Amino acid sequence: MRLRKKWYARPELEESPLFIKEPRELKGRWKEEFGNDNPIHLELGCGRGGFMVQKAALNPNINYVSVDLKDEVLIFTKRKIEEAELKNVRITALNISFIAEIFDENEIEKIYINFCNPWPKDRHNKRRLTHTRFLTEYKKFLKKGSQIWFKTDDTDLFNDSQEYFKECGFNLDFVTYDLHITICNTEGKPNSDFKENLMTEYETKFTGLGMKIMFLIATLK
């Protein structure tokens, strides 16, 4: 769905200390920006910020950087972060093709990719955020042993992505085609199959429609 231009978004973002206007200037210096030596995790495509706000609130000893191209969605993320009074998140607007220009070697320890554009046409596959073209860029700033958590509702993208990860030197440590499948414990109560999952806005919508959510964790060798 095409986003309607919000002319107020960029001025409001630039007034906030949460928004990084020139992220390339922080390459190799993100820990200085946060003022501590905590690990830094990266979210590629933050949408309206629901996932990141949950994640950062639960993990105050981890710093988070959320990247999206559109001011029109970043403005919602910014407001949610402020409302939750979180100090361990920064947001920036960037075409993810240039992501390696803003982080230095070993600067990031985990990446989250939630419901990215599946780009189903063969001629567009290289635009997928899990394509080998992008994974090669991520490896420039990921530590060995770092993880990428990837979530989607698109089966073709999910299947292809598993091959992309393998080609780029990642192990697939967890793979499920139905993240919300439940099992029953000895008391007959349902337990989540993956206990660390946090629902995104899209995920809530899709599961409400009965759609299956696919998820994997890939670890850099």
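Close amide-amide hydrogen proximity is noted between GLY28 and ASP104, each under 5 Å apart and 5 or more residues distant or on a separate chain (H modeled in the peptide plane; Pro and chain starts excluded). Between GLU14 and GLU83, the distance separating the two model label sites (each 7 Å from Cα on the Cα→Cβ line) works out to 2.6 nm.
For segment 99-221, the fraction of C-alpha pairs farther apart than 24 angstrom is 32 percent. Is the chain best put as rounded, prolate or oblate by its Cα gyration tensor, with a ≥ b ≥ c the root eigenvalues, rounded for a/c under 1.5, and otherwise prolate when a/b is larger than b/c, oblate when not? Since a/c stays below 1.5, the shape of the chain is classed as rounded. When each of the peptides 210-219, 41-50 is scored by how many other beta carbons lie within 10 Å of its residues on average, the order from highest to lowest is 41-50, 210-219. Highest-first packing order for the peptide set 142-152, 166-176 is 142-152, 166-176, based on the mean count of other beta carbon atoms within 10 Å.
A protection proxy built from the mean count of other Cβ atoms within 10 Å ranks the segments 14-24, 129-139, 88-98, most packed first, as 129-139, 88-98, 14-24. Rounded to the nearest percent, how much of the accessible area of segment 1-153 (1.4 Å probe, protein heavy atoms only) is carbon and sulfur? Roughly 46 percent, rounded to a whole number. Spin-label model, ASP178 to LEU209: label points 7 Å out along the Cα-to-beta-carbon direction sit 1.9 nm apart.
The values are calculated or read from the model by the stated rules, or taken from the named source; none is laboratory data. All of these numbers come straight from a predicted model, not from anything done at the bench. FYI the Cβ positions are ideal-geometry reconstructions off the backbone, even for glycines, and counts take in every protein chain you see. These accessible areas exclude ligands, DNA and RNA; they are computed on the full protein's heavy atoms, side chains included. Shrake-Rupley method; radii C 1.70, N 1.55, O 1.52, S 1.80 Å.
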